[in-house]
Amino acid sequence: MTAAPQDQWRLLDVQAHDTRLAQIAHRRRTLPELAEIERVDGRLKLVADDLVAARTVASDIERELKKAEADVEQVRQRAARDQARLDSGQGTSKDLTALQHEIASLAERQSVLEDVELEVMERLEAAQVRIAEVEAEQERLSTELAGFTAARDAAFAELDAEAQRESADRVNAAAGVPADLLALYEKIREQVGGAGAAKLHQRRCEGCRLELNNSEIGRFRSAPDTEVLRCEECRRILVRTADSGL
Ligand SMILES: [Zn+2]
């Protein structure tokens, strides 16, 4: 293929835009905020599990507390009934003595059950503190996530605007390149990724960074300046300039 040297140089403009577009895309993929969002999101999922577990523990203890309260209440009511019967003075003295014994043992029983109730209440309090701690952690992480998300979106908007300008400039640069040369460039770009052309600078292909060997130097030197050269190594179009070292 042949192309006027200035048309080949225009290809270098297109290549520069493509390189910058690839850099923008790379920055978009590797924004530090993306890793932070993933990290905080992972933590939030764990904290959500912790919260479910903490709430389950608390609701189990609440049930236990209701049972303990009911146990105390039952003993209290029975003692009150016994006391009323005792106060009424009805029944034999043997009955009344039995009632007195029962009231005493119910009082002991009530004291034991109240200790149990107190212990359950203490555990419930600790479980509620745990819920509050996990909720506070969830709140903190959510705020952190919102911050990183906003920073990511701002960075995306900036990069997208930059890419849009770069793409528009690329369209203008490509408009000046002959169709067959541009088609070749696009084909190579698809094959090698990134740019489809590279500057030949100081006998080095700027696409793959490899230096020309002696036979290539000889061949390129004798090639007319309208011949479209290709890098032997990366197959990109090699564009000669004043500082190609030939
Ligand atoms: Zn190369």
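The values are calculated or read from the model by the stated rules, or taken from the named source; none is laboratory data. Everything quoted here is computed from the prediction, not taken from an experiment. Note that we place each Cβ from the backbone using ideal geometry, even for glycine, and neighbour counts take in every protein chain shown. These area figures cover heavy atoms from the full protein model, side chains too; ligands, DNA and RNA do not enter into them. Shrake-Rupley method; radii C 1.70, N 1.55, O 1.52, S 1.80 Å.
In region 35-74, which residues have a backbone nitrogen under 19 Å from the label point lying 7 Å from Met121's Cα in the Cα-to-Cβ direction?
58-74
Counting Lys and Arg as +1 and Asp and Glu as -1, each charge on the Cβ, what is the dipole of the chain about the Cα centre in debye, to the nearest 20?
On the way: 36 positive and 48 negative charges, 325 e Å.
Rounded to the nearest 20 debye, it is 1560 debye.
Scan the chain and note any complete DSSP helix (H) whose C-alpha atoms cover at least 15 Å along its axis and whose Kyte-Doolittle average is -0.5 or more.
Numbers: long enough: 5-29 (36 Å, -1.24); 32-88 (83 Å, -0.64); 93-175 (119 Å, -0.31); 179-192 (19 Å, 0.00).
Counting only whole DSSP H runs, the qualifying helices are 93-175, 179-192.
In whole angstrom, note down how far apart the Cα centers of region 1-37 and region 53-99 are.
Value for the Cα centre distance between the two parts: 82 Å.
Kindly report the accessible area of the chain per residue (heavy atoms of protein chains, probe 1.4 Å, no ligands, DNA or RNA), in Å². Show your work: numbers first, answer last.
Working: 15050 Å² over 246 residues.
On a per-residue basis, 61 Å².
Could you tell me the relative contact order of region 31-157? Use alpha-carbon pairs under 8 Å, at least six residues apart, and round to a whole percent. Could you put the intermediate results ahead of the total?
Numbers: 72 pairs, mean separation 64.4, N = 127.
Contact order relative to length: 51 percent.
Give the relative contact order (percent, whole number) for the chain; include only Cα pairs under 8 Å separated by 6+ residues.
33 percent
Report ³J(HN,Hα) in whole Hz for each residue of region 223-233, in order, from the Karplus equation J = 6.51 cos²θ - 1.76 cosθ + 1.60 where θ = phi - 60°; Gly and Pro get x.
6, x, 5, 8, 6, 7, 8, 10, 6, 5, 7
Beta carbons within 10 angstrom, averaged per residue: use that to sort the peptides 228-240, 79-91, highest first. Numbers along the way, then the final one.
Numbers: 228-240: 19.8, 79-91: 12.6.
Ranked from most to least packed, the peptides come out as 228-240, 79-91.
Once you have a ≥ b ≥ c as the square roots of the Cα gyration tensor eigenvalues for region 198-246, tell me rounded if a/c is under 1.5, and otherwise prolate or oblate according to whether a/b is larger than b/c.
Working: a/c = 1.28, a/b = 1.24, b/c = 1.03.
Note, shape of region 198-246 comes out rounded.
Can you tell me the Rg and the Dmax, both Å, for the Cα atoms in the chain?
Considering the chain through its Cα atoms, Rg and Dmax are 41.9, 135 Å.
Give the residue from Leu51, Trp9, Ala35 lying farthest towards the positive end of the charge dipole for region 1-113; charges sit on Cβ (+1 for Lys and Arg, -1 for Asp and Glu) and the dipole is referred to the Cα centre.
Going by the charge dipole, the pick is Trp9.
Quick query: amide H of Thr2 versus all other amide H atoms, modeled in the peptide plane; which residues come in under 5 Å with a sequence gap of 5 or more or a different chain?
Those qualifying (amide H under 5 Å, at least 5 residues apart or on another chain) are Val228.
Report, in deg cm²/dmol and to the nearest 500, the calculated mean residue ellipticity at 222 nm for the chain, where each DSSP H run with n ≥ 4 adds -39500 (n - 2.57) and the sum is divided by the residue count.
On the way: 5 runs with 188 residues, N = 246.
When only DSSP H runs of four or more count, the value is -28000 deg cm²/dmol.
Projecting each Cα onto the charge dipole of the chain (Lys/Arg +1, Asp/Glu -1 at the beta carbon, about the Cα centre), which of Ala70, Pro178, Ile188 comes out farthest on the positive side?
Going by the charge dipole, the pick is Pro178.
Near Lys67, which aspartates and glutamates are there with a Cα under 14 Å away, not counting those fewer than 8 places off in the same chain?
The qualifying aspartates and glutamates are Glu114, Asp115, Glu117, Glu119.
Give, rounded to the nearest 20 debye, the magnitude of the charge dipole that region 31-157 has about its Cα centre when Lys and Arg contribute +1 at Cβ and Asp and Glu contribute -1 at Cβ. Intermediate values should be presented prior to the final figure.
On the way: 17 positive and 29 negative charges, 99 e Å.
Here region 31-157 has a charge dipole of around 480 debye.
Enumerate the calculated ³J(HN,Hα) couplings along region 235-246 in order (Karplus 6.51 cos²θ - 1.76 cosθ + 1.60, θ = phi - 60°), each rounded to whole Hz, writing x wherever the residue is Gly or Pro.
Using θ = phi - 60°, the values come out as 6, 6, 5, 9, 9, 7, 10, 4, 9, 6, x, 8 Hz.
Can you give the Rg and Dmax of region 110-183 based on its C-alpha atoms, in angstrom?
Calculated on Cα positions, Rg and Dmax stand at 31.0, 100 Å.
Could you state the orientation-averaged shadow area of the convex hull built on the Cα atoms of region 31-157, in nm² to one decimal? Intermediate results must be reported in sequence, preceding the final value.
Working: hull surface 38.8 nm².
Result: 9.7 nm².
Percent of alpha carbon pairs in region 21-73 separated by more than 13 Å?
Details: 997 of 1378 pairs.
More than 13 Å apart: 72 percent of the Cα pairs in region 21-73.
Hey, can you grab everything whose amide H is under 5 Å from the amide H of Lys199? Only 5+ residues off in sequence or another chain; H modelled, so Pro and N-termini drop out.
Placed amide hydrogens put Glu206, Gly207, Val239 under 5 Å from Lys199.
Could you check the spin-label model distance between Thr2 and Ser215? Points 7 Å from the Cα along Cα→Cβ, value in nm.
2.6 nm
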